[in-house]
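Mind looking over this structure? Questions follow.
The values are calculated or read from the model by the stated rules, or taken from the named source; none is laboratory data. Since the model is a prediction, treat every value here as computed from it, not as a measurement. With ideal geometry, Cβ positions are generated from the backbone for all residues, glycine too; neighbour counts draw on all protein chains shown.
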Amino acid sequence: MNKPSLVLAGGLMALALAAPAQAQVEVQWWHSMTGGLNEWVNDLAKQFNDSQKDYKIVPTFKGNYDESMTAAMAAFRAGNAPHILQVFEVGTATMMASKAAIKPVGEVMKQSGVQFDPKAYVPAVSAYYTAASGEMMSFPFNSSTTIFYYNKDAFKAAGLDPNKAPATWPEMTLAAAKLKASGHKCPYTSSWVSWVHLESFSLWHNTLFATQNNGFGGPSARLAFNSPLHLRHFDNLANMSKQGLFVYKGRASAAVPAFVSGECAMFTGSSGSYADVSKGAKFAYGLAPLPYYPDVPGAPQNTAIGGASLWVMAGKKPAEYKGVAEFFKYLSNPEVQSASHKRTGYLPITVAAFQLTEKSGFYKDKPGTDVAVTQMIRKTTDKSRGIRLGNFVNVRTIIDEETEAIWAGKKTAKEALEAAMQRGNEQLDRFEKATKAAH
Amino acid sequence: MEKRARFKHPLLPWLLLTPQLLIVGVFFFWPAAQAVLQSMQLQDSFGLSTQWVGLDNFKTLFADRAYLESFQTTALFSVLVAALGIVLSLMLAVFADRIVRGALLYRSLLIIPYAVAPAVAGVLWVFMFSPSIGVVSWWLSRSLGFEWNHLLHSGHAMTLIVAAAVWKQISYNFLFFLAGLQSIPKSLIEAAAIDGARPWRRFWTIQLPLLSPTTFFLLVINVVYAFFDTFAIIDATTSGGPGRDTAILVYKVYQDGVKGGDLGGSAAQSVVLMLVVVALTVVQFRFVEKKVNY
């Protein structure tokens, strides 16, 4: 090889080495996924990064949902927020109200010229993250909902039909009584009291949880869960608790191990708990829709969404937004969606992904995994679109605090719900004042 | 004896003080001033807007019955933590001081809990007392027929957080008491023994009075500990429940500020908390310190 061609080859090599580093745009993604879900997030980023050369998604675990949101707020104040932030559903109203801090997903997609059809998404999911103007604000990522689990072996032992889950609350109470009579110490427990028994319960019965269509109409919404239906349900739960039919096992998802260990025979909670149940339960179990009151017109409607969505933060470069848009396009792909759904138990977020999963025979192999989807794939009403309230983390804590007084026998259902409403409304009042000032 | 130091240059003492002043300024006075400022503002979560609301945050706070109840909870909790923590560790220190063989092992074992992070300590206690899976709650129900459930009974919940908080702090108190005991001249105790004083008598009339500076120091430290450093334990064990029966003041500051994103309300609470602790410390120095023999 002669000298000039050596130089040329060297130059080309240097170029080849430098090129990717120069052109590749990094996109920071803060998330709150732990354990197996953390691996899932890392795999998604890796697959996307391997599929093209222009962008690099860098996922970073930033603590649980509260913590990563707080971290992003602090980072935004300091001027170094991430590009993508995973925010849980209760933080949605806060994010939407912070217009200057975020960039709507619809806008990101449009400006980047990436093809994107919001109609492809399951309505009960996408509607939740869509503003009144019809613009999609955040990208639905991991969505779950509330469902019913039961122990088939315990049902058999109590003389109940293990293949027929109680569909209504009266049936549920009867089943609990039979389980108790057969010697079961904990016939029924529930995680997420506010989410399951107030939020999802309200949508399921097409009844308002808060005014202004559960907060979709604006920040002047106030809590409304002192309706006769809500009182009836909590009186019912209070009685069940007194008789030892319902056993309270703590806040958030603290009740999950009580079902998985076989201690409790029936359980209401997140469809996302399926991963724990299928892994840990040493008995035959069944999944079924959430019970309802059959005499309520419009019930059952659809249940409430949980989980999180991806928000794009404001103030980044166009090239970086293009990377975000490409990544979201990748995530919307039905194959990717369906694989994620099967892997994590979160809902498939597009209708095409649901159909693809159905076709693959997954729901036949693992009966019950479609319960959450069928509860959500319905035409929503104004009352059932979802619940979007400010300072909602605080409101949920208040609901936990007040309802614990019911299970402890210190307050009646009416007293507790009204106290929760009054204290919760103070939080909504503060939120309204703070957001008014922001505009 | 002249205690005063003499410096050749008038600026030298200031120069020597600068590092300390800087640290105190940056890590204490600045954040404290920020808290006072924020307590009179209403901010949205991302700091996009700031409203001056004067004393509104404080008014809201004191109109909230739940907040006022939190004072009672905090008082009960701090008294229990400080009193139990000091008494138990003093007892352990007195015993450890008398041990001749294996003293090092015994002491090391007592010091280990201090190395455990508060949140880990909380989780440890939750595992032992969990109504579903806890070893202790299972044993209580099996052998004594006592149904432990800190999710519903506030008494149980308070017992649990006090136990966890005291357990965590005992090592610290123990170290100071042990050092205090060992610095008491042996001759004093021997003289008393020759005069016929029994161990109990010797403890009451010689060791305890001579330990009073240590006890006073630990009282101040333990009260501050109970007020400020215990929120991780509470977060990991009861999350303030059942109801709000274990939500002490500092836990509410954390809950509203860090989890709830309400910076104004949270800042107002921390200002109140700061005043309470300053007042308590002043009271301790004014009234309790008079009984201390240095």
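Output the number of residues of region A:48-91 satisfying the condition of being away from chain B (no Cβ under 12 Å), within 25 Å of A:Met109 (Cβ to Cβ) and among the hydrophobic types (A, V, I, L, M, F, W, C).
Qualifying residue count for the region: 4.
Being of a type outside the set (D, E, K, R), under 30 Å from B:Asp256 (Cα atoms), surrounded by 13 or more Cβ atoms within 10 Å (Cβ to Cβ) and out of contact with any Phe, Trp or Tyr (no Cβ under 7 Å at 6 or more places or on another chain) narrows it down to one of B:Ala75, B:Ala103, so name that one.
That would be B:Ala75, the only listed residue that is of a type outside the set (D, E, K, R), under 30 Å from B:Asp256 (Cα atoms), surrounded by 13 or more Cβ atoms within 10 Å (Cβ to Cβ) and out of contact with any Phe, Trp or Tyr (no Cβ under 7 Å at 6 or more places or on another chain).
Something else about it: Being within 25 Å of A:Pro162 (Cα to Cα) and β-branched (Val, Ile, Thr) is the filter here, so list the residues in region A:355-369 that pass it. Can you show your working first?
Here is the first cut: in region A:355-369, the ones within 25 Å of A:Pro162 (Cα to Cα) are A:358, A:361-369.
Result: A:Thr369, single match.
Now, a different point. Could you look through region B:215-237, keep only residues that are hydroxyl-bearing (Ser, Thr, Tyr) and more than 10 Å from the chain's Cα centre (by Cα), and pick out the one that is nearest to B:Leu175 (Cα to Cα)?
Applying the first criterion (hydroxyl-bearing (Ser, Thr, Tyr)) to region B:215-237 yields B:215, B:225, B:230, B:237.
In the following step, the residues that additionally are more than 10 Å from the chain's Cα centre (by Cα) were identified as B:215, B:237.
On the way: B:Thr215: 12, B:Thr237: 26 Å.
Top of the filtered list is B:Thr215.
Can you tell me which residue is farthest from the other protein chains (Cβ to nearest Cβ) among those in region A:372-427 that are in contact with a strand residue (DSSP E or B) (Cβ under 7 Å, 6 or more places away or on another chain) and not polar (S, T, N, Q)?
A:Met376
Turning to a different aspect of this structure: Could you say which residue among B:Phe58, B:Phe95 is among the aromatic types (Phe, Trp, Tyr) and surrounded by 14 or more Cβ atoms within 10 Å (Cβ to Cβ)? It would help to see each step written out before you state the result.
Details: B:Phe95 fails: surrounded by 14 or more Cβ atoms within 10 Å (Cβ to Cβ).
Residue meeting the stated conditions: B:Phe58.
Are any of the residues in region B:29-37 of a type in the set (S, T, N, Q) and within 22 Å of A:Ala81 (Cβ to Cβ)? Full working, then the answer.
Going residue by residue through region B:29-37, those that are of a type in the set (S, T, N, Q) are B:34.
Filter again for within 22 Å of A:Ala81 (Cβ to Cβ), leaving B:34.
Yes, the conditions are met somewhere in region B:29-37.
While we're on this one: Are there any pairs, at least 6 apart or on different chains, whose C-beta atoms fall under 6 Å, with the first in region B:161-172 and at pLDDT 95 or above and the second of a type in the set (Asp, Glu) and not in a helix (DSSP H, G or I), and if so, which?
Matching pairs, first to second residue: none at all.
Among B:Ser187, B:Ser171, which is surrounded by 15 or more Cβ atoms within 10 Å (Cβ to Cβ) and in a helix (DSSP H, G or I)?
Numbers: B:Ser187 fails: surrounded by 15 or more Cβ atoms within 10 Å (Cβ to Cβ).
It is B:Ser171.
Oh, and also: Grab the helices (runs of 4 or more DSSP H) fully contained in region B:1-89, keeping just those with 3 or more residues being touching a helix residue (DSSP H, G or I) at 6+ places or on another chain (Cβ under 7 Å). Show your work before the answer.
On the way: elements: B:12-24, B:30-38, B:56-63.
Output list reads B:30-38, B:56-63.
So, one more: Name every residue in region A:21-62 that is at pLDDT below 95, in contact with a strand residue (DSSP E or B) (Cβ under 9 Å, 6 or more places away or on another chain) and small (Gly, Ala, Ser), in order of residue number.
Within region A:21-62, A:Ser32 is the sole residue that qualifies.
If you don't mind, another one. Restricting attention to region A:220-235, which residues are touching a Phe, Trp or Tyr at 6+ places or on another chain (Cβ under 8 Å) and either surrounded by 22 or more Cβ atoms within 10 Å (Cβ to Cβ) or not in a loop (DSSP other than H, G, I, E, B) (or both)? Reasoning before the result, please.
The first filter runs over region A:220-235 and keeps only residues touching a Phe, Trp or Tyr at 6+ places or on another chain (Cβ under 8 Å), leaving A:223-225, A:229-230, A:232-233.
Residues satisfying the conditions are A:Leu223, A:Phe225, A:Leu229, A:His230, A:Arg232, A:His233.
Name every residue in region A:108-163 that is under 30 Å from A:Ser32 (Cβ atoms), aromatic (Phe, Trp, Tyr) and either in contact with an Asp or Glu (Cβ under 8 Å, 6 or more places away or on another chain) or part of a helix (DSSP H, G or I) (or both), in order of residue number. Show your work before the answer.
At the first step, the residues of region A:108-163 found to be under 30 Å from A:Ser32 (Cβ atoms) are A:108-112, A:114-150.
Applying the additional criterion that residues be aromatic (Phe, Trp, Tyr) yields A:116, A:121, A:128-129, A:139, A:141, A:148-150.
Hits for region A:108-163 are A:Tyr128, A:Tyr129.
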